[in-house]
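J.: Quick one: this structure, given as structure tokens, is what I'll be asking you about.
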Amino acid sequence: MCYYRVMSKLYIANWKSNKNRKEAQTWIKQFIDEVKPGLAVGKITDKIVVAPPFPFLQDLLAAIDSANLDKYIHLAVQDISPYEAGSYTGAVSAMNLEGFNVKYAIVGHSERRKYFRETSEDVANKVESCMTGEITPVVCVDLPEVEKQAKLIDSKFHSKTIVAYEPVEHIGTGIAQPLDEILDAIKRIKNHFPSSKTIYGGSVNLDNVEAMKQEQAIEGFLVGSTSLKADAFAQLI
Ligand code: PGA
């Protein structure tokens, strides 16, 4: 028998520094209501990840656990300390995250590189931090930094790393990069990260996601603006 099925994808909601506690609680409740039926009957087979600001991890964890969805909805952080636990005021280490069921950490987002002067060396150290905590790093790159970033990350960690291709000029604009350009960029990224999963981020929305879903090379999505509304993020999946 021969049939075609869109493969499962990874969907990461990157809230950035949006929302207050009440809004975060409302979002997760609504989101669970939206996706629970699909998850229950196996209609949704994708991996779902939510990356809230640190203070909301506990509330989200509690909501996901009490809905018995911890196998399906995972938590991510949007950054992690490049250092181990210790005297680094203001930093959140992998050890601090133990007990929160955090499975992923977004590292090297272009906003961190731009506004917080994060370097590719910092990002490589953050990948090492992730490894100490069994957290999967989601390393964000645009084409200009791919080669350097790949060299700085110990090659033994590449297969445990997800690379998010994020063309800076398409982030937050509402206009994703044309599909052929995304595929071309992913091909180039694969030359440097042959064993890493590759996902795309940059204005993924309900109008453009279907075409991207059909592409095997795009193994998931890092979603900013569209993830801020629970129903929109649920509809993407
Ligand atoms: P966007 O953000 O979906 O709003 O473009 C994506 C990102 O910055 O990861």
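J.: Note down all Cβ pairs under 9 Å where the first residue falls in region 198-223 and is free of Cβ contacts under 8 Å to residues at least 40 places away in the same chain and farther than 20 Å from residue 169 by Cα, the second is outside any helix (DSSP H, G or I) and of a type in the set (Val, Ile, Thr), and they're at least six residues apart or on different chains.
T.: 217/198
J.: List, please: which pairs have Cβ atoms under 6 Å, are six or more places apart or on different chains, and start with a residue in region 116-128 that is on the phi < 0 side of the Ramachandran plot and end with one that is crowded, with 18+ Cβ neighbours inside 10 Å and assigned to a loop (DSSP other than H, G, I, E, B)?
T.: 122/82; 123/108; 124/153; 125/82; 126/80; 126/82; 127/153
J.: Could I ask something else about it? Any chance region 96-117 includes a residue that's within 12 Å of the ligand (Cβ to nearest atom), under 21 Å from residue 216 (Cα atoms) and buried (at least 22 other Cβ atoms within 10 Å of the Cβ)?
T.: no
J.: Return yes when residue 146 is closer than 30 Å to residue 183 by Cβ and of a type in the set (A, V, I, L, M) and no when it is not.
T.: yes
J.: Given the options 211, 185, name the one that is hydrophobic (A, V, I, L, M, F, W, C), assigned to a helix (DSSP H, G or I) and surrounded by fewer than 18 Cβ atoms within 10 Å (Cβ to Cβ).
T.: Residue meeting the stated conditions: 211.
J.: Next question. Taking residue 190, is it charged (D, E, K, R), closer than 17 Å to residue 164 by Cα and away from the ligand (no atom under 16 Å from the Cβ)?
T.: Yes; evaluated as a whole, the condition is true for this residue.
J.: Given the criterion out of contact with any Leu (no Cβ under 8 Å at 6 or more places or on another chain) and within 27 Å of residue 148 (Cα to Cα), identify the matching residue among 225, 195.
T.: That would be 195, the only listed residue that is out of contact with any Leu (no Cβ under 8 Å at 6 or more places or on another chain) and within 27 Å of residue 148 (Cα to Cα).
J.: Here's another thing I want to ask about it. Go through the residues of region 162-180 one by one and say whether even a single one is closer than 20 Å to residue 82 by Cα, buried (at least 20 other Cβ atoms within 10 Å of the Cβ), at pLDDT 95 or above and away from the ligand (no atom under 16 Å from the Cβ).
T.: Among the residues of region 162-180, not one is closer than 20 Å to residue 82 by Cα, buried (at least 20 other Cβ atoms within 10 Å of the Cβ), at pLDDT 95 or above and away from the ligand (no atom under 16 Å from the Cβ), which makes the answer no.
J.: Please state which one of 47, 36 is modelled with pLDDT under 95, farther than 22 Å from residue 218 by Cα and either among the small types (Gly, Ala, Ser) or away from the ligand (no atom under 16 Å from the Cβ) (or both).
T.: 36
The values are calculated or read from the model by the stated rules, or taken from the named source; none is laboratory data. This structure is a prediction, so every number in the text was calculated from the model and none was measured. Methodologically, a virtual Cβ is constructed for each residue, glycine included, from the backbone with ideal geometry; neighbour enumeration extends over all protein chains shown.
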